[in-house]
Amino acid sequence: MRYIDYMQLNPFQKFGYNFTQFFKKLPGNIARFFKFLGRAIVHFFVAIGKGFAGYGKRFVKGDIFVKLSYLIFGVSNMVRGQIIKGLIFLLTEAAYISFMIFFAWNYISKINVTGTAVVGGQEIQVPHSLGYIAKREVYTADGFPQTEFVDDSMLILLYSVLTIVVTIIFFAIYIANTKSAYKVYEAKKNGETIPGFKAEIKAFFDEKFHITLMSLPCLLIGCFTVLPLIFMILIAFTTYDKSHLPPGNLFQWAGFNNFGQLVNFAGGDAKARTFLDLAGWTIIWAIFATFSNYILGMVVALMINKKGIKLKALWRTLFVVVVAVPQFVSLLLMAQILAENGGALNQLIEMITGSHTPIKFLNGTALSARITVIIVNIWVGIPYTILITSGILMNIPADLYESATIDGAGPVKSFTKITLPYMLFVTTPYLITSFIGNINNFNVIYLLTGGGPSNPDYYNAGYTDILVTWLFNLTMGEKQDYKLAAAIGILVFIVCATLSLITFNMTKSAKDEEAFS
Amino acid sequence: MKKIVALVLAAMMLVAAFASCGEQGGSGSSSGSNGGGSSSFENAGKGFDANVADADFGSESGAKLKVWGPDAYIDLLTKQCDAFKEKYADKKITIEVVPQSEDTAATMMQTDAKAGADVFGFASDQFSNLINAGILSPINAKYAADIEATNNKASVDISKAMNNSTGKDALYAYPETGNGYFLVYDKSVVSDEDAASFEAILEACKKNDKKFIMDVGNGYYACMFVFTGGLRLEGLDKDNKQKFNDYDEDEVAASMKAFSKLMHDYKGTFMSDAVTAIPSGFTSTSTRPTKVGAGIDGNWDTAGISKALGKNFGAAKLPTINIDGKDTQIYSMYGYKMIGVNANSKYPRTAQILGYYLASEECQKQRAEELGWSPTNNAVVESDVVKNDVAISALIAQSEFSIPQANVGPIWDPFKSLGNKLLADDTDPETFDFAGLLENVIKNING
Amino acid sequence: MIKSYKLRRGLANTFIYIILALLGLIWISPLAYLIIQSFSADPEAIPQTLLPASFGFDNYTKLFTETSSLNFPRWYLNTFIIACFSCVISTISVLMVAYAFSRLRFKSRKKFINVGMILGMFPGFMTMIAIYYLLKAMQILDLKGIFGIPGFDGPILSLIICYSSGAGLGFQISKGFFDTIPRALDEAATIDGATRNQIFWKIILPMSKPIVVYTVLTSFIGPWTDFILAKIIAGDKVANYTVAIGLQKMIDVDHKNQWFKRFLAGSVLVAVPVTALFLKMQNYYVEGVTAGGVKG
């Protein structure tokens, strides 16, 4: 459609057009995403290649101090007057070396060795272990046992990840050091003035301000989000579970075994079946939870904001209070209210109808429990939608509604034909976030039903369990199947990440970032 | 000159110290066979005081220990730890007592054993996990022999595991108390005679418009549905899989059917709820809609129940249930609480001795008297404290018809779903495939 | 005709009033139940009837006087401290990241944005154990009385670090908000010789009240609701628990029979300040989230 044709549509049709276009473009965008992913990987390696080329070139071209800086950090800077900067480089090197010698080497050297397990007095060699031996048990002369713990596989893995991350950062500093060494050498040769320490610091508050702003958050995120994440991803490739518990036992590398179990649909494995079923319910749950909240929340918001309705603040407050009460309090309370025996709702029903058979809201059939969690989720979620959509609803151009009324559209029709498409269009980012939030909505399921009613056919899961609560049960529950939980986590992550990257980069907000500039 | 002599002397002392250290280690590994409890200890059976010698503390003086116990026990535990400190005042022991319920104790130990308690109470179903994680220290053979001689066999047996470095069984925890459930009832509703049969109990409750409560949705209680049919747990194999006896599937299915039938026949009387609902259910106030006539509860709740019921308080072993025309005794799970010694303890000797003290006759008797905890020590079992306590007597009577809960695999969730399935409204006991359900549950335990 | 139109509108409005009143009742009644039962003075441990027969402040006073096994006031204070610190640090860090992404142009900015967006989507409870051991390796966990303040122990500092460290990932909404502030303002300031540092503090921040309030609110609420990570970090150091762990403890098997009503009272005490704060600030919250989180 040409631009001129688009302009001639009435506003009504424009939205319809945009709306369908969004979904038409979706497959293309998915393809583009993977193409982009491939390109990014290629770029990455090209950049590394280029980096090495530059690294060599600087070494050849530089003088003796530049060359020395390749071994002893900061020499070139110090010789040419940048004492403090040079010292910082040198200190980094010293710190890294002592970190490696006194801490890291003890762990990273044991990351993949042949370990020894003692079973029934016999020593067995186990290849691909993290660590040599877990513990030794000896007895003193008077019969007191003394246990000496040697290698802890989990700590070996964790601290090895730490070491690798530190090494990568160190390597980046090393490259920066060689660059800086060469830069001052060139500047000196060309007779330019070399900026002092103060001048360099000043740059961090202007042209390099982003480094100042980002470094602390990045450090914290790197340490407490990225590092544990890598650790957990690696767990999925080990045998870490109930029978391989550190510190008493070592665990080993297992390759893709755990993923194999999860997707072994043909083999009749309970794990694969549970995974498939729960993945299905997770998607259904996320769709229902997201859209029920969204649409119903918008309807309530429209009612509150309708012209001529008084006490708007009161109505809004009635709903919004639910947002303010911490979720685990309101959900535990809800679980109590819906309980079969002595729950408040059942008491109320008994008072009204006089029936003595309580309704099993949460522990009846699979269907009733699932409907209950979706309804409770509406109770929890609608207030958020009211908060978010109220402002935008006011911004829908009034002439849209007027033209619709002239065309004879009733309130329902103008909702489905104007409000909904408009809102969908404007709030896509919010919708995506809440969809992904619902895929990972641990609280509602865990605190309400705990996954129940239980299903004897599933591997440690119930009918209302979604993947993330199953993952929690496997980690913190009696199965202690850490490796499987990590593998599930990775699969869920891949789905969520792909979904959000594609859709977010499709939305207008990502493209029109500079709209206001 | 003097200086040189002093230096040489100091050096010699240092060498001697190192040598003795080395010797200790060396002799240690050679006498490793001491770990398997042999019964050649002359003081075995004579109790704590006869077995703990001053030398047992070794060089540990000024030991700092941390002890975990559940909330209900915390006051008494503190008192007992104080008594222990007093007993060995010259050792200058300090003990920090921290409340920690038995089920979380094991989990927290596995998160970080080094930060955990030196001596801690835990439930026996966690025993195999703690053994797997290598957290429990084996018990000194001398104490183990005495424990074996003074405590009932079942409690000692489940505290044993194979010591991997010797290849023999060794004691890895001190038995603390027996822990199980039995029938509690209101004598004005259920007569002592009725209390012998499940059908009669339900009938009596129904007639008086009272409820019968047990927690079907909890593996600890739900396992009775299969145990009564002859299924038994027989520990874990070397791959940590749950082993079962050679049970007859039809008999177990028949037992499941009988229970399921009662649940459905007495709908409105038979109520599944957490055991916490039972003690309050016996209290009769005008506002309470749910009134309880009988229930299946454990000794941790009996103090509250007997207070509520007064002279009408009744406790007995579990009743019989009619399976295919035959009255069959209901079998239950019988758990234990144990006292473990952390293998990471900085003061392993003092920790062992404290654990031993807490498992001794003296401490078990205090727990029986003040908390109503059922003892494992034979002398306390025989004492008047136990004989006069209806609840503990009921528990001990039930222990004959029970499966000890030790070295169990992940059975709780599968049994829980089994229980829920028997109770479910859409399960028709006449047509339901109980054998199929059983097969699924067994498969999931080892899945 | 006009009259009937008015009548129709009046009827429609009445209908809406009825629905709103009904829905409002449904939404508020669980919370009303919570508050009413928290004042119950009935002998039953767990409420057996919809409305209690007798009322009193017993549950509240017991919460503050019987502190030997579950020390609610101490945990309340802990949580308050953690919430205050972590909301300050979180807010600063979110605003810094969001400003950098919105206003500054640098290499790999887009890549950072994308990575930042997906990092938070990893459902991992295993990562908590990793975090625990990292903090332990840094020797933070066992500290006692940091800065000489009694009670300000390692776990509390650790939780502050944990809650505020991930905050930078929540830049999305703030960035959206900053994107709406015209860039002409920056440019004018740059011509006047202002550095980017000065622009951030003197121009952008004063205009960002809604988003600051939004960030403060969300990061203040966080610590009151987390009961999993806090439990792992605090371990057996009961004195360093937060209210969320405490409230959960009150209704576990060991305590429910004695503590259920005190759990209700405690919940009210947690909910009241947060709710009050929220209602007071909700207009800013709405402004921040609508400007930043959604736009065409």
* Out of (1) touching a Phe, Trp or Tyr at 6+ places or on another chain (Cβ under 8 Å); (2) in contact (Cβ under 8 Å) with a residue 24 or more places away in the chain, the odd one out for B:L183 is which? -> (1)
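For (1) assigned to a loop (DSSP other than H, G, I, E, B); (2) closer than 30 Å to C:A167 by Cβ, each residue gets a yes or a no:
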site: C:F15; (1), (2): no, no
site: C:I18; (1), (2): no, no
site: C:Q37; (1), (2): no, no
site: C:L51; (1), (2): yes, no
site: C:T67; (1), (2): yes, no
site: C:S86; (1), (2): no, yes
site: C:I92; (1), (2): no, yes
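For the stretch A:221-236, check the following and say yes or no: at least one residue is outside any helix (DSSP H, G or I), on the phi < 0 side of the Ramachandran plot and out of contact with any Phe, Trp or Tyr (no Cβ under 6 Å at 6 or more places or on another chain).
Scanning the stretch A:221-236, I find at least one residue that is outside any helix (DSSP H, G or I), on the phi < 0 side of the Ramachandran plot and out of contact with any Phe, Trp or Tyr (no Cβ under 6 Å at 6 or more places or on another chain), so the answer is yes.
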* Asked: Is it the case that some residue within the stretch C:276-290 is at the interface with another protein chain (Cβ under 8 Å from one of its Cβ atoms), touching a strand residue (DSSP E or B) at 6+ places or on another chain (Cβ under 7 Å) and not aromatic (F, W, Y)?
  -> no
* Asked: Only one of B:A316, B:A343, B:A303 is out of contact with any Lys or Arg (no Cβ under 8 Å at 6 or more places or on another chain) and crowded, with 18+ Cβ neighbours inside 10 Å; which?
  -> B:A316
* To do: Within the stretch A:313-342, count every residue that is more than 9 Å from chain C (Cβ to nearest Cβ) and either buried (at least 21 other Cβ atoms within 10 Å of the Cβ) or out of contact with any helix residue (DSSP H, G or I) (no Cβ under 6 Å at 6 or more places or on another chain) (or both).
  => 6
* Asked: Taking the stretch C:161-200 on its own, how many of its residues are more than 8 Å from chain A (Cβ to nearest Cβ), over 23 Å from C:G288 (Cβ atoms) and crowded, with 22+ Cβ neighbours inside 10 Å?
  -> 0
* Scope the stretch A:430-477; condition surrounded by fewer than 23 Cβ atoms within 10 Å (Cβ to Cβ), more than 14 Å from chain B (Cβ to nearest Cβ) and part of a loop (DSSP other than H, G, I, E, B); matching residues -> A:N440
* Among the residues of the stretch C:201-210, count how many are surrounded by 20 or more Cβ atoms within 10 Å (Cβ to Cβ) and within 14 Å of chain A (Cβ to nearest Cβ). => 2
* Restricting attention to the stretch A:206-220, report how many residues are of a type in the set (F, W, Y) and either more than 21 Å from C:I89 (Cβ to Cβ) or exposed (fewer than 15 other Cβ atoms within 10 Å of the Cβ) (or both). => 0
* Do you know which residues across the stretch A:444-503 are within 25 Å of A:I375 (Cβ to Cβ) and among the aromatic types (F, W, Y)? -> A:Y446, A:Y458, A:Y463, A:W470, A:F472
* Asked: If only one of B:Y334, B:Y357 is within 25 Å of B:A105 (Cα to Cα), part of a strand (DSSP E or B) and out of contact with any Asp or Glu (no Cβ under 6 Å at 6 or more places or on another chain), which one is it?
  -> B:Y334
* To do: Could you look through the stretch A:338-371, keep only residues that are part of a helix (DSSP H, G or I) and of a type in the set (D, E, K, R), and pick out the one that is nearest to B:I213 (Cα to Cα)?
  => A:E350
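Just one of C:F101, C:F55 is among the aromatic types (F, W, Y) and touching a residue at least 24 places away in the same chain (Cβ under 8 Å); which is it?
C:F101
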* Among (1) outside any helix (DSSP H, G or I); (2) modelled with pLDDT of 85 or more; (3) not charged (D, E, K, R) - the single one C:G296 does not satisfy -> (2)
* Residues located in the stretch B:66-77, provided they are crowded, with 21+ Cβ neighbours inside 10 Å and within 11 Å of another protein chain (Cβ to nearest Cβ) -> B:V67, B:W68, B:P70, B:Y73
* Structure fact -> Quick count over the stretch B:48-65, residues being away from chain A (no Cβ under 11 Å) and either closer than 17 Å to B:V341 by Cα or crowded, with 19+ Cβ neighbours inside 10 Å (or both), is 6
* Asked: Only one residue in C:V88, C:V115 is surrounded by fewer than 18 Cβ atoms within 10 Å (Cβ to Cβ) and modelled with pLDDT under 90. Which one?
  -> C:V115
* Asked: Would you say B:G295 is touching a strand residue (DSSP E or B) at 6+ places or on another chain (Cβ under 6 Å), more than 24 Å from C:D252 (Cβ to Cβ) and not in a loop (DSSP other than H, G, I, E, B)?
  -> no
* Residue list for the stretch C:84-137, filter: more than 8 Å from chain A (Cβ to nearest Cβ), touching a Cys at 6+ places or on another chain (Cβ under 9 Å) and within 29 Å of A:Y240 (Cβ to Cβ) -> C:L135
* the stretch A:237-285, subset among the charged types (D, E, K, R) and touching a residue at least 24 places away in the same chain (Cβ under 8 Å), residue nearest to A:A369 (Cα to Cα) -> A:D277
* Structure fact -> In the stretch B:78-119, residues that are within 14 Å of another protein chain (Cβ to nearest Cβ) and either within 23 Å of the chain's Cα centre (by Cα) or buried (at least 23 other Cβ atoms within 10 Å of the Cβ) (or both) total 22
* To do: Give A:L157, A:L68 a once-over and let me know the one that is surrounded by 15 or more Cβ atoms within 10 Å (Cβ to Cβ), without any contact (Cβ under 8 Å) to a residue 24 or more places away in the chain, of a type outside the set (G, A, S) and more than 14 Å from chain B (Cβ to nearest Cβ).
  => A:L68
* Flag if A:F291 is aromatic (F, W, Y), more than 15 Å from A:L130 (Cβ to Cβ), in the same structural domain as A:G451 (by TED's automatic domain parsing) and surrounded by 19 or more Cβ atoms within 10 Å (Cβ to Cβ) -> no
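The values are calculated or read from the model by the stated rules, or taken from the named source; none is laboratory data. Only a predicted model underlies this, so the values are computations on that prediction, with no experimental measurement involved. Note: ideal-geometry Cβ built from the backbone for every residue, glycine included; neighbour counts use all protein chains shown.
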